[in-house]
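Following: one structure in structure tokens, then a few remarks.
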Amino acid sequence: MKPSTSPLLGHVNIPCQAMDAVHPEYQTKPAFGWVKVGSNPAVLSTAGRGRVNIHGAVNLESFDAPFVEPTTVDGVSAAQLLAKIEARNPDKRVIHVIWDNAAYHKGPDVRAFLARTACRIHLIQLPPYCPHLNPIERLWAVLHQYVTHNRYYPSQKKFADAILAFMRETIPQEWTKFRDKVSDNFRVITHENFRVLE
């Protein structure tokens, strides 16, 4: 998916963003980890049911990760994020955005945004039921490893602050540490490489 080498897109120097939403819940999430034999590790738990909504995107070449923090993830937040992606790529004529088939992606707010004559977004729809093909899903997994797994936050505000700090600070400053975990899984399939059995 890198602009200079992507066989999927077949273009040179065209930015490509993978876009999706994540909804981390304010709950302690026990996960795997190393502990001393014979110890009895414990993680404090929360009783909260709140969550943080993040509608985000990631460019695997530059690791630029624009996002919005909507109250509800919907067509309005999708259009806001598309606008932010365009604003962060002012010199690009075309910007590819990979996303899934969420119903709000086809709603009136997104359609109105894409219908503008100055729109530079080119959408690439993932096949239905294939979230594993979206590279941003791997970024969300890293977010959970850094922020939610085996962590306790005394308040929902501290939890939300930790999520936002990951998006605003950790990604721009430390992305080289987890870049290998956030990659694409796209493969170019041609008729020469497979055959259809009928």
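The values are calculated or read from the model by the stated rules, or taken from the named source; none is laboratory data. Quick caveat: nothing in here was measured; it's all calculated off a predicted structure. All Cβ positions, even for glycine, are placed from backbone atoms using ideal geometry, and neighbour counts span all protein chains on display.
The C-beta contact set for the range 138-152 (first residue in a loop (DSSP other than H, G, I, E, B), second residue surrounded by 16 or more Cβ atoms within 10 Å (Cβ to Cβ) and at pLDDT 95 or above, distance under 8 angstrom, 6+ apart or interchain) comprises 151/162. Looking only at the range 83-117, count every residue that is in a loop (DSSP other than H, G, I, E, B) and either of a type outside the set (A, V, I, L, M) or under 23 Å from residue 135 (Cα atoms) (or both) and tell me the total. Here the count works out to 13. Just one of the listed residues (63, 32) is aromatic (Phe, Trp, Tyr), closer than 16 Å to residue 141 by Cα and exposed (fewer than 13 other Cβ atoms within 10 Å of the Cβ), namely 32.
Listed conditions (1) farther than 30 Å from residue 31 by Cα; (2) out of contact with any Leu (no Cβ under 7 Å at 6 or more places or on another chain) are all met by residue 130, apart from (1). Selection of first residues in the range 29-56 that are part of a loop (DSSP other than H, G, I, E, B) and of second residues that are among the basic types (Lys, Arg), restricted to Cβ pairs under 8 Å at least 6 apart or on distinct chains, gives the following pairs, ordered by first then second residue: 43/151.
Condition check ((1) hydroxyl-bearing (Ser, Thr, Tyr); (2) more than 11 Å from the chain's Cα centre (by Cα)) across all residues:
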position: 34; (1), (2): no, yes
position: 37; (1), (2): no, yes
position: 41; (1), (2): no, yes
position: 49; (1), (2): no, yes
position: 54; (1), (2): no, no
position: 59; (1), (2): no, no
position: 66; (1), (2): no, no
position: 69; (1), (2): no, yes
position: 72; (1), (2): yes, yes
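Select from the range 180-198 the residues that are surrounded by 13 or more Cβ atoms within 10 Å (Cβ to Cβ) and either of a type outside the set (Asp, Glu) or closer than 16 Å to residue 53 by Cβ (or both) and write down the one among them that is modelled with the lowest pLDDT. Selected residue: 186.
From the list 174, 169, the lone residue that is acidic (Asp, Glu), closer than 30 Å to residue 43 by Cα and surrounded by 11 or more Cβ atoms within 10 Å (Cβ to Cβ) is 174.
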